[in-house]
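Notes to accompany the following structure.
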Amino acid sequence: MIRKQNQLKIETSSSSMSDLVFLLLIFFMITSTLISPNAVKLLLPESSSKTMAKQNVTVYIDDSYNFYVGETAVPVSELENYIAGGIEPGVDDACVVLRADKTVPVQYIVNVIDAVNAINASNGAKHKVILATSPKNS
């Protein structure tokens, strides 16, 4: 009787797959720490309220009183146009989140509110301005 010397063994090695998953995990951990949620560094005022809203447009006012819509520096005179451009067409109840440094005078905050009110008056919309705060330290 003649026996076959070479028998086929069907096996799969999962070591290369685990190496790949490990490398992907390291890659995503490193890249996620590079992403900054706040483009403009601010020291927000403190509050104990925990109101959350869906952000449509974010306006920043830094401690040098510079305005930013998203990450774009904007002069006060163009604030209304940039905010209106950041709101999706057809949305009548967008939330404009205002992230102002706690040293910013109230007049600068009122400038943003006036710009949103002007957009509401011209479009018949009901956009809201929400002031972002940091949690109050007890």
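Rolling a 1.4 Å probe over the protein chains gives L20 an accessible area of about 90 Å².
With both labels modelled 7 Å from their Cα along Cα-to-Cβ, the D93 to N137 distance reads 3.8 nm.
Ranking of V96, V91 by solvent-accessible surface, largest first: V91, V96 (1.4 Å probe, protein heavy atoms only, all chains present). Hey, with R₀ at 22 Å, roughly what FRET efficiency would Y108 and E71 work out to, going by the Cβ-Cβ distance, to 0.05? Working from the Cβ atoms, E equals 0.75. Between T31 and E11, the distance separating the two model label sites (each 7 Å from Cα on the Cα→Cβ line) works out to 3.5 nm. Between E78 and A121, the modelled labels are 2.3 nm apart [label points 7 Å from Cα along Cα→Cβ].
The values are calculated or read from the model by the stated rules, or taken from the named source; none is laboratory data. A quick note: this is a predicted structure, and the numbers were derived from the prediction, not measured. Reconstructed Cβ throughout: ideal geometry from the backbone, glycine too, with neighbour counts over all protein chains shown. For accessibility, only protein heavy atoms count, side chains too; no ligands or nucleic acids. Shrake-Rupley method; radii C 1.70, N 1.55, O 1.52, S 1.80 Å.
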